Amino acid sequence: MEQLDLEQWKHQIEEWYGVAIHHLHEVPPIQLYAAAAVLLFTTILLLSIRFLKRAKSNTILLTGLTGAGKTVLFHQLRDGSIHQGTVTSMEPNDDTFILHSEKIEKRKTKPVRVVDVPGHSRLRLKLDEYLPRAAGVVFVVDAVDFLTNCRAASEYLYDILTKGSVVRKKIPLLILSNKTDKASAHSKEFICRQMAKEIDKLRASRSAISAADIANEFTLGVPGESFSFIQCCNKVTTADASGLNGEISPLEKFIREYVKP
Ligand SMILES: Nc1nc2c(ncn2[C@@H]2O[C@H](COP(=O)(O)OP(=O)(O)OP(=O)(O)O)[C@@H](O)[C@H]2O)c(=O)[nH]1
Ligand SMILES: [Mg+2]
């Protein structure tokens with residue numbers, strides 16, 4: 001029975017093939033060439049779009065509360081000096097450059113686009129414009145004034161970690177404890193522990209709000225377990241820095257891990 005079915009199919013296919021060839025012979029060659037050219041062009045176009053979409057981003061975002069030291073870090077990365085950083089930024093600093101330390105070493109490297117997104121709550125919305133193209137996000141924390149800002153910083157970090165663009169693309173994030181030149185600076189381990197605890201509380205309170213009211217697209221952590229950054233689907237790491245003193249090598253290392261030289 002199966003053998004019969006197979007035979008029938010074979011005949012049918014041969015018949016279709018014959019009809020197709022017959023029709024092809026009727027089509028003027030010029031039309032055939034035109035069709036082949038269109039097919040080839042479309043394939044090349046689709047492949048190029050795919051390739052461009054996959055092209056590695058060279059954008060690193062500096063985020064964090066106002067006063068954390070993002071602008072100072074931005075200038076250290078670009079110019080090797082603090083330039084100015086004492087005024088609250090009202091616009092993002094957005095520039096593409098070779099890292100200053102690499103310029104000194106005269107190494108041949110790829111430029112990095114660094115965007116310093118102001119921490120003012122109204123300007124943070126700008127982050128959404130840059131996130132889809134980010135190769136990495138740096139969350140700068142003032143390690144000196146940390147305790148008073150812990151809740152606000154954790155809320156901002158929670159918002160970033162639950163954004164669809166971050167979760168879907170698994171954008172790596174570095175929690176950078178800044179201002180470690182000051183003796184009163186808290187350790188990065190302490191900062192991460194406290195922020196994880198705050199995020200744990202936020203998780204409970206935010207999931208209690210009706211789904212329609214929350215802007216966060218994804219939830220964090222594992223239900224029934226205390227929150228830890230290891231549970232994030234993107235890689236979350238920590239490092240120390242002092243923008244003021246130019247101690248930024250862990251930040252540069254993070255940048256070069258995700259924007260290859
Ligand atoms: N001690 C110390 N102070 C720093 C350091 N980095 C920045 N500051 C100081 O912190 C203040 C804020 O620095 P900014 O770089 O302007 O902070 P920001 O994160 O850009 O702030 P917004 O633009 O408001 O989002 C300034 O007075 C800096 O001099 C640091 O590494 N050590
Ligand atoms: Mg600034």
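Label points 7 Å out from Cα along the Cβ direction at Arg107 and Ser48: separation in nm?
Distance between label points: 3.4 nm.
Determine, from the Cβ-Cβ distance of Arg193 and Ser165 and an R0 of 30 Å, the FRET efficiency 1/(1 + (r/R0)^6), rounded to the nearest 0.05.
Rounded to the nearest 0.05, the efficiency is 0.65.
Using 0.36 nm per residue, how much length does the chain from Ser184 to Leu125 gain when fully extended, once their Cα-Cα distance is taken away?
18.1 nm
Can you put Arg193, Arg78 in order of Cβ neighbours within 10 angstrom, beginning with the fewest?
So the residues, fewest neighbours to most, are Arg193, Arg78.
Grab the Cα-Cα distance for His22 and Thr66, subtract it from 0.36 nm times how many residues apart they are, and report the gain in nm with one decimal.
Contour length minus the Cα-Cα distance gives 8.5 nm.
For the residues Met90, Met195, what sequence is obtained by ranking on other C-beta atoms within 10 Å, fewest first?
Met90, Met195
As a check on your grasp of the helix formula, calculate [θ] at 222 nm for the chain: sum -39500 (n - 2.57) over DSSP H runs of n ≥ 4, divide by the residue count, round to the nearest 500.
Estimated from H runs of four or more residues: -15500 deg cm²/dmol.
Which of the aspartates and glutamates could a cross-linker bridge to Lys179, judged by Cα under 14 Å and excluding same-chain residues fewer than eight apart?
Those aspartates and glutamates meeting the cut-off are Asp142, Asp145, Asp240, Glu247.
For the chain, which DSSP H helices look membrane-span-like by this rule: Cα extent along the axis of 20 Å or more and mean Kyte-Doolittle of at least 0.0?
Those that clear 20 Å and a mean of 0.0 are 29-54, 146-161.
Coordinate-derived values only; no laboratory data. Just so it is clear, the structure is predicted and the values come from calculations on it, not from any experiment. Ideal geometry is used to build each Cβ from the backbone, glycine not excepted, and the neighbour counts take in all protein chains shown.
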